[in-house]
Amino acid sequence: MKFLLDVDGVLTSGKFFYSEEGKLFKEFGPHDSYSLKQIKNKLSIEFISADSRGFKISEKRINDMGFNLTLVSEEERYEFVKTNYDFNSLIYMADGDADAPILKESFKGIAPNNSRPLAKESADFVTVSDGGNGAVAEACDWILNTLNI
């Protein structure tokens with residue numbers, strides 16, 4: 001079983017902090033890392049991001065947690081997932097319109113509370129928490145308690 005997560009709007013609040021020099025920071029929540037570590041021996045966990053300008057910021061955080069991040073645009077996301085994962089054993093967590101078909105086709109789809117409406121409609125589980133504010137931690141709890149993994 002694999003757990004694939006989008007970064008922006010899921011692991012982060014989705015906010016980008018800019019200066020005249022460009023994108024400088026992203027806001028990550030404090031609880032998600034611990035919860036991911038609680039399930040990493042039960043699932044293969046990977047991350048994707050479409051944010052090419054902020055990729056190094058996300059990559060630093062994901063690597064610090066002990067995971068890998070792949071850059072995949074929203075336009076290429078469905079084909080990337082279809083080519084590299086088995087939908088029948090994929091738990092997918094994401095928040096955007098481009099993620100809706102993947103959420104729907106995956107074994108289980110999870111969306112943070114502040115996701116786009118189409119993503120929420122396509123998910124099996126919508127967290128009470130917003131992305132960057134414990135949504136991933138809540139998803140990990142749901143996976144452990146509901147899927148008995």
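The values are calculated or read from the model by the stated rules, or taken from the named source; none is laboratory data. Every value quoted in this text rests on a predicted model; they were computed, and no experiment measured them. No Cβ is skipped: glycine too gets one built from the backbone with ideal geometry, and neighbour counts run over all protein chains shown. For the accessible areas, the whole protein counts, side chains as well, though only heavy atoms, and no ligand, DNA or RNA atoms are used. Shrake-Rupley method; radii C 1.70, N 1.55, O 1.52, S 1.80 Å.
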Please find, among N88, N148, N133, the residue that is under 17 Å from M1 (Cα atoms), in a loop (DSSP other than H, G, I, E, B) and open to solvent by 70 Å² or more (accessible area, probe 1.4 Å). N148
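Give the stretch 84-109 a look and list any residue that's of a type in the set (S, T, Y) and within 22 Å of V128 (Cβ to Cβ), or say none.
Y92, S106, listed by residue number.
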Based on what the data block shows, is F17 touching a residue at least 12 places away in the same chain (Cβ under 8 Å), in contact with a Phe, Trp or Tyr (Cβ under 9 Å, 6 or more places away or on another chain) and of a type in the set (F, W, Y)? no
So V7 ticks every box in (1) closer than 22 Å to S73 by Cβ; (2) out of contact with any Phe, Trp or Tyr (no Cβ under 6 Å at 6 or more places or on another chain) but one. Which box is left unticked? (2)
Starting from the stretch 55-75, take each residue that is within 15 Å of G29 (Cα to Cα) and open to solvent by less than 70 Å² (accessible area, probe 1.4 Å) and list its partners that are hydrophobic (A, V, I, L, M, F, W, C) and in a helix (DSSP H, G or I), counting only C-beta distances under 9 angstrom and pairs at least six apart or across chains. M65/L36
Reported set for the stretch 116-130 where residues are open to solvent by 10 Å² or more (accessible area, probe 1.4 Å) and part of a loop (DSSP other than H, G, I, E, B) is R116, A123, D124, V128, S129, D130
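Kindly establish whether D99 is surrounded by 14 or more Cβ atoms within 10 Å (Cβ to Cβ), outside any helix (DSSP H, G or I) and either of a type outside the set (F, W, Y) or without any contact (Cβ under 8 Å) to a residue 40 or more places away in the chain (or both).
On the way: surrounded by 14 or more Cβ atoms within 10 Å (Cβ to Cβ): yes; outside any helix (DSSP H, G or I): no; either of a type outside the set (F, W, Y) or without any contact (Cβ under 8 Å) to a residue 40 or more places away in the chain (or both): yes.
No, not satisfied.
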Got a sec? Which of K82, K108 is open to solvent by 10 Å² or more (accessible area, probe 1.4 Å), under 17 Å from C140 (Cα atoms) and of a type outside the set (A, V, I, L, M)? K108
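Would you say I48 is touching a residue at least 24 places away in the same chain (Cβ under 8 Å), of a type in the set (A, V, I, L, M) and open to solvent by less than 30 Å² (accessible area, probe 1.4 Å)?
Working: touching a residue at least 24 places away in the same chain (Cβ under 8 Å): yes; of a type in the set (A, V, I, L, M): yes; open to solvent by less than 30 Å² (accessible area, probe 1.4 Å): yes.
Considered against the rule, which asks whether it is touching a residue at least 24 places away in the same chain (Cβ under 8 Å), of a type in the set (A, V, I, L, M) and open to solvent by less than 30 Å² (accessible area, probe 1.4 Å), I48 comes out as yes.
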